[in-house]
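Since the structure comes first, as structure tokens, the remarks are kept for the end.
The values are calculated or read from the model by the stated rules, or taken from the named source; none is laboratory data. All values reported here derive from a predicted model rather than from experimental measurement. Methodologically, a virtual Cβ is constructed for each residue, glycine included, from the backbone with ideal geometry; neighbour enumeration extends over all protein chains shown.
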């Protein structure tokens, strides 16, 4: 998609993409008058998102609070796969407004904020992760993750766990997780915690200390633990680095529900016949969510 010179698509609330001006879409909508601006109508009244891509700029037109999860997911996939220098979000509420972004992380975070309440609060959709190209490590602001990647390459993925923790860049150490991966073929493949840094403030400090030797999935928020750990298993199985963007709602009993966005680099290391996965993340934002009364009831 990055090689396309220009594009004009409409994403409906099911996440399906239509060419702007599609006769099939017009027919499905009851053949509105040709005088009706179809794109403006479906964005304003039906929760569609218009996506235009031209000359290095992506322009998204939408209404705040009407972006459903399937639409959000497919629009994000599209912009992650495209080549662009600038992304413009046009909001059509009352007076149109324009927001300009140069970083994919900021743009995705903003789209999440503009999503419909059902998209933000459905529990099954509370963990969103998207694999990113490793080329993004060359961008400004990625110096620490880039240094960790250089370490992995220089050692060709061969390094003892204690040396991994020692050589991780200082700025990353608070948010490093190191897991020992059990061999494939056992009754259950496991990711056993070797180390968790003190920078995961969403959890209690005592939990990090007690987590060593336990499954990574065994976290205060079990749903978050299971989905977060899945990538560690994938990295161990494939034996390849993985860079991803994570946008997660984390629900720890006794604490406010928080939304955290971070980039995570996971690297597979081999030592003495064992596989260790080192995950290091850079936190972009973290804040408590104000849940609706309905959501509060569903938590109880």
Original post:
Are there any pairs with C-beta distances below 8 angstrom linking a residue in the range 136-150 that is under 15 Å from residue 173 (Cα atoms) to a residue that is loosely packed, with under 13 Cβ neighbours inside 10 Å, with the two at least 6 apart or on different chains, and if so which?
Top reply: 146/138
Subject >> Selection from the range 202-220 of residues that are closer than 22 Å to residue 265 by Cβ and either without any contact (Cβ under 8 Å) to a residue 60 or more places away in the chain or loosely packed, with under 14 Cβ neighbours inside 10 Å (or both) >> reply: 203, 208, 211, 212, 215, 216, 217, 219
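Quick check: is even one residue across the range 233-242 under 15 Å from the mean Cα position of the chain (by Cα), within 22 Å of residue 270 (Cα to Cα) and buried (at least 19 other Cβ atoms within 10 Å of the Cβ)? Break it down stepwise before answering.
Start the filter on the range 233-242 by keeping residues that are under 15 Å from the mean Cα position of the chain (by Cα), which leaves 242.
Then keep just the ones that are within 22 Å of residue 270 (Cα to Cα); that gives 242.
With buried (at least 19 other Cβ atoms within 10 Å of the Cβ) added as a condition, the list becomes 242.
Looking through the range 233-242, at least one residue is under 15 Å from the mean Cα position of the chain (by Cα), within 22 Å of residue 270 (Cα to Cα) and buried (at least 19 other Cβ atoms within 10 Å of the Cβ).
What residue, of 21, 30, is under 20 Å from residue 74 (Cα atoms), more than 22 Å from the chain's Cα centre (by Cα) and free of Cβ contacts under 8 Å to residues at least 60 places away in the same chain? Quick ask: steps written out before the conclusion?
Values: 30 fails: under 20 Å from residue 74 (Cα atoms).
After applying the criteria, what remains is 21.
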Original post:
Of all residues in the range 21-54, how many are surrounded by fewer than 17 Cβ atoms within 10 Å (Cβ to Cβ) and assigned to a loop (DSSP other than H, G, I, E, B)?
Top reply: 11
Original post:
Among the residues of the range 263-297 satisfying the criterion of being in a strand (DSSP E or B) and out of contact with any helix residue (DSSP H, G or I) (no Cβ under 8 Å at 6 or more places or on another chain), which is modelled with the highest pLDDT?
Top reply: 270
